[in-house]
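Heads up: the structure comes next, in structure tokens.
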Amino acid sequence: MADEPKQYITPETKEKLERELQELIDHRPVVAAEINERREEGDLKENAGYDAAREMQDQEEARIKQISEILANSTTERTAVAEGVAHVGSVVHVYYNDDKDDKETFLIGTRAAASDNKDLETYSEQSLLGAAIIGASEGETREYSAPNGRTIRVTIESAAPYDSAKAATPRGA
């Protein structure tokens, strides 16, 4: 079975996830100590403190697993992201329904790929819009059906590999 391609995440997102993972790992002894302290209080059947500490441990361990999987199955490499073509890891500038005043700029990728740039929306490559434009070149127009049944035309104005310094600025601006 062929390996699944890795999902693109921004370098900033990778750093943020690595920091969060390390903080959670470093917090394990604190949670374990809390569980032991609550266990010593006696009857575990009616010990809300013990239950809360175990719940915290379960949530943190689940998050550790989730972050570890994201990091293991992602990359910050953009070698497959071509200039001028909409791909996962591309910042895309588009306009809708042939109206050059109805513009939007976004990153194509998973929510895990989202940048720290609050002005830059992230759309999944599996969303209706994302799926419609993957592989589209600059100047190309694609169509997709919105959930309300309307057909939406989207034209790629520009597409470039994600660069935190240039992410929200259209080319030529």
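None of the figures in this text is laboratory data; all of them are computed from the coordinates on show. Just so we're clear, the structure is a prediction, and the values are computed from it rather than from any experiment. Cβ atoms come from the backbone with ideal geometry, glycine included; neighbour counts cover every protein chain shown.
Using the reciprocal of the averaged 1/r over all distinct C-alpha pairs, how large is the Kirkwood radius of the stretch 85-161 in Å?
Over the stretch 85-161, the inverse of the mean reciprocal pair distance is 12.3 Å.
Just add up the charged neighbours of Thr141: K/R +1, D/E -1, any other residue whose Cβ is under 10 Å from the Cβ of Thr141.
Net charge in that neighbourhood comes out at -1.
Just need the Rg to Rh number for the stretch 7-75, please, alpha carbons only, Kirkwood Rh.
1.16
If packing is taken as the average count of other Cβ atoms within 10 Å, what order do 128-135, 142-149 fall into, highest mean first?
Peptide ranking by packing, descending: 128-135, 142-149.
May I ask you to evaluate 6.51 cos²θ - 1.76 cosθ + 1.60, the Karplus curve with θ = phi - 60°, for each residue of the stretch 65-75 and list the ³J(HN,Hα) values in order in whole Hz, giving x for glycine and proline?
4, 4, 5, 4, 5, 4, 5, 5, 10, 9, 8
Report the full-extension gain for the segment Glu140 to Arg19: residue separation times 0.36 nm, less the Cα-Cα distance, to one decimal in nm.
Extra length available between Glu140 and Arg19 comes to 39.6 nm.
For Glu12 and Asp51 in one chain, what is 0.36 nm times their gap in residues minus the Cα-Cα distance, to one decimal in nm?
10.5 nm
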